[in-house]
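Contents: one structure, followed by commentary.
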Amino acid sequence: MAGAALPGRLNWLIARATEIIEETQRVRSIVLDCPGWPGHLPGHHIDIRLTAEDGYQAQRSYSIARPADDEEVVITVELVDEGEISPFLIEDLRIGDRIEIRGPVGGYFVWEPSRGGPLQLIGGGSGVVPLMAMLRARVRAGSDVPVRYLSSARSHDDLIYRSELESVSSEVEGVEVLHTLTRSKPPDWTGLEGRVDRVMLARQAWPSFTRPLCYVCGPTGFVETVANSLVSLGHQPSRIKTERFGPTN
Amino acid sequence: MDNERHLDGNALAGLFHDVFGREMTHECGCCSHCGAMNQLGAAWVFRAAGDVVRCPNCESIVMVIVQNSDGFRVSFESLRWLQISA
């Protein structure tokens, strides 16, 4: 599949890591410089391919975390203990290393400010990554689309992009950020507690009569619960986009 | 059906690109079993030795993609039509 660029083919490109940001103990963002990158929309993902010395190849998809900026592609990766790719990306990858990527793909799950809102973003664990690209695009464009961002994490230390979200929610008008913690919470926690369910969505999400565009991303069970609850609260299935990334581990 | 395991059609975006030569996740298909029309990105996907794409409404198998030494073998099962935008 590598080699000459064929029309209609999604070609593998060589990307170089230029910056690594430790987001939490198990999550890091990797800034890649990718010559020839065609650009992307918020919500798009890429395929990453690693090749071992014996020729064995492993491939996995990762959401892009930031809106397009020249030939830069930023991913945020969570460590999956038995994963084939994430342990390398989290534990071994260094600045200057090169990996193969292709994309962008997944145009079903994209949002850009011109699509309007209100925008309801609901993410479980590292499911917040494509949603963050959407929120960052909204902020960067200076759009006035009202946004509610709801994330679910096990503990306060597992919240990804925490400080950036704090400043966005306090400085940017029209953006509300809410977190719910499912396992442990700090003593002074004032956010939400427990798993996202119908009751929480009825209180915290945009009501269905405002006809929000809903983007839900996370482990399959999480997405299933959230999407079904939104439908039962009267949201139009056609305005709910989901991205499931498999069972929780 | 094991509701904890499946992914969305969007997860196959790269594979669809290999098979169809273009972005397919926003294209719409019609299930020949129940008549539901959905974007491929919204279908249910089960990944194993091959990739099984099911209708999100009735769970019928609409497409199976298997990679073999010559490329890809695609079977269209409960797929009445697939719209491919110009």
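Assorted remarks:
- Counted residues, the range B:1-17 - those being more than 13 Å from the chain's Cα centre (by Cα) and either in contact (Cβ under 8 Å) with a residue 40 or more places away in the chain or buried (at least 16 other Cβ atoms within 10 Å of the Cβ) (or both): 2
- Condition check for A:GLY43: buried (at least 19 other Cβ atoms within 10 Å of the Cβ), on the phi > 0 side of the Ramachandran plot and not assigned by TED's automatic domain parsing to the domain that holds A:LEU131: yes
- Boolean, A:ARG148 is touching an Asp or Glu at 6+ places or on another chain (Cβ under 6 Å), under 24 Å from A:GLY221 (Cβ atoms) and part of a strand (DSSP E or B): yes
- Any hit, the range A:225-245, residues being open to solvent by 20 Å² or more (accessible area, probe 1.4 Å) and of a type in the set (Asp, Glu): no
- All positions within the range B:43-84 that are open to solvent by 20 Å² or more (accessible area, probe 1.4 Å), within 14 Å of chain A (Cβ to nearest Cβ) and of a type in the set (A, V, I, L, M, F, W, C): B:TRP44, B:PHE46, B:ALA48, B:PHE72, B:ILE84
- Residue check for A:ALA205: free of Cβ contacts under 8 Å to residues at least 40 places away in the same chain and open to solvent by less than 40 Å² (accessible area, probe 1.4 Å): no
- Within the range A:62-106, being touching a His at 6+ places or on another chain (Cβ under 9 Å), within 24 Å of A:LEU213 (Cα to Cα) and surrounded by 21 or more Cβ atoms within 10 Å (Cβ to Cβ) holds for A:TYR62, A:SER63, A:ILE64, A:PRO67, A:ILE75, A:PRO104, A:VAL105, A:GLY106.
- Condition broken by A:GLN57, with the remaining ones in (1) of a type outside the set (D, E, K, R); (2) touching a residue at least 24 places away in the same chain (Cβ under 8 Å); (3) open to solvent by 20 Å² or more (accessible area, probe 1.4 Å) satisfied: (2)
- A:ALA52 away from every other protein chain (no Cβ under 13 Å), among the hydrophobic types (A, V, I, L, M, F, W, C) and open to solvent by 20 Å² or more (accessible area, probe 1.4 Å): yes
The values are calculated or read from the model by the stated rules, or taken from the named source; none is laboratory data. Note that this is a predicted model, so its numbers are computed, not measured. Every residue, glycine among them, receives a Cβ derived from its backbone with ideal geometry; neighbour counts consider all protein chains shown. Ligands, DNA and RNA are excluded from the accessible area calculation, which covers all protein heavy atoms including side chains. Shrake-Rupley method; radii C 1.70, N 1.55, O 1.52, S 1.80 Å.
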